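Read the structure below first, then the notes.
The values are calculated or read from the model by the stated rules, or taken from the named source; none is laboratory data. In this text, all values refer to a predicted model and were calculated from it rather than measured experimentally. Counting neighbours? That spans all protein chains shown, and the Cβs are built from the backbone with ideal geometry, glycine included. Quick note on the areas: whole protein, heavy atoms, side chains included, nothing else; ligands and nucleic acids left out. Shrake-Rupley method; radii C 1.70, N 1.55, O 1.52, S 1.80 Å.
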Amino acid sequence: MQNLSAKTVVVIGGTSGIGLALVKAAAEMGATVYAAGRTQKNLDNARAQCPAEVNFRLADTHDEASLSALFAEVGEIDHLVSAATGADRTIAPFMQQTEQQFAAAFQKFWGYTHVVRTGEPHVKADGSITLVSGSPARKYKVGMSSLSCTGGAVEAFVRALSIEIAPKRINAVSPGLIDTAMWDAFGDEKQQKLAQMTAHIPLQRAGKAEEVANGIIFAMTTNYATGTVIDVEGGALLS
Ligand SMILES: NC(=O)c1ccc[n+]([C@@H]2O[C@H](COP(=O)([O-])OP(=O)(O)OC[C@H]3O[C@@H](n4cnc5c(N)ncnc54)[C@H](OP(=O)(O)O)[C@@H]3O)[C@@H](O)[C@H]2O)c1
């Protein structure tokens, strides 16, 4: 197990799913962890699952003042991660979407730019930033154009920033279909739908949030990795 003692880790979108799995893993590895999300409900739910030492705060990727207040409180950061969803997505062919629907998916990207703009000055020279993109960035399916373009923007942002903020590092982790609250809208059919949607990929199952968190730990702790994308997608890109 990696040792993150004496490291400060901040996870925006750390109150559910992939971010929460990372918060738990980083705390177990000895880090001082700050986790943020928008809603008190998710925050209380996450707090109940974590060691008392984890610091939970309300912050929104679309509210720079809330991010600045969080970063001012934390001070110096070793590893900054954003796993926030932060957008309403419309799954439909581009020509059947309104401009507003298509543009709304990009709120995730704008949120990430706010996290980096406000958080980067707090990241130590030997520290890292990790953003979560998604396999649609390089796996194209009918109806998913807004997700593909948003994920592609996140991955281009990481490459562009890596040459500007060096020696600080910035990477993306790109999940495939992962069993998190993001799919709760399926209700009672969730597990059946996730199984159907992943039956054709090499690993033939949805991923676990912990498996993506492991990829984020790799990006955080691999000191020679920057401007790169780590895929954790069960082989979905090949299917
Ligand atoms: N699950 C998948 O299949 C999958 C696939 C590809 C990519 N991803 C990406 O992986 C990342 C994590 O998703 P997940 O599956 O872990 O989703 P999740 O379980 O819904 O967790 C999302 C987290 O982000 C927080 N959040 C949402 N909007 C926010 C905002 N504007 N500011 C701050 N926090 C915000 C949520 O808390 P609040 O709602 O309380 O703010 C929650 O903590 C996302 O970027 C998602 O696009 C997921």
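All of LYS124, LYS139 fail the test of being within 12 Å of the ligand (Cβ to nearest atom) and either touching a residue at least 60 places away in the same chain (Cβ under 8 Å) or touching a Lys or Arg at 6+ places or on another chain (Cβ under 9 Å) (or both), apart from LYS139.
Does LEU67 fit the bill of being assigned to a helix (DSSP H, G or I) and near the ligand (Cβ under 7 Å from one of its atoms)? Show your work before the answer.
On the way: assigned to a helix (DSSP H, G or I): yes; near the ligand (Cβ under 7 Å from one of its atoms): no.
When the stated conditions are applied, LEU67 does not pass them.
Kindly establish whether THR130 is more than 16 Å from GLY14 (Cβ to Cβ) and among the polar types (S, T, N, Q). The answer is no for THR130. Filtered by the rule that a residue be open to solvent by 30 Å² or more (accessible area, probe 1.4 Å) and either away from the ligand (no atom under 13 Å from the Cβ) or of a type in the set (S, T, N, Q) (or both), the stretch 5-28 gives SER5, ALA6, LYS7, SER16, GLU28. Of the residues that make up the stretch 194-216, is at least one polar (S, T, N, Q), within 24 Å of ALA21 (Cβ to Cβ), assigned to a helix (DSSP H, G or I) and touching a Phe, Trp or Tyr at 6+ places or on another chain (Cβ under 6 Å)? No; the residues of the stretch 194-216 include none that is polar (S, T, N, Q), within 24 Å of ALA21 (Cβ to Cβ), assigned to a helix (DSSP H, G or I) and touching a Phe, Trp or Tyr at 6+ places or on another chain (Cβ under 6 Å).
Please go through the stretch 180-239 and give me each residue that is away from the ligand (no atom under 15 Å from the Cβ) and closer than 20 Å to ARG89 by Cβ, ordered by number. Result: GLY187, GLU189.
Every residue, every condition in (1) outside any loop (DSSP other than H, G, I, E, B); (2) within 15 Å of the ligand (Cβ to nearest atom); (3) touching a Ser or Thr at 6+ places or on another chain (Cβ under 7 Å), yes or no:
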position: PHE71; (1), (2), (3): yes, yes, yes
position: PHE102; (1), (2), (3): yes, no, yes
position: LYS108; (1), (2), (3): yes, yes, yes
position: THR113; (1), (2), (3): yes, yes, no
position: ILE129; (1), (2), (3): yes, yes, no
position: GLY152; (1), (2), (3): yes, yes, no
position: ALA160; (1), (2), (3): yes, no, no
position: ILE163; (1), (2), (3): yes, no, no
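A single member of ALA87, ALA83, ALA104 is at pLDDT below 95, open to solvent by less than 50 Å² (accessible area, probe 1.4 Å) and among the small types (Gly, Ala, Ser), and it is ALA87.
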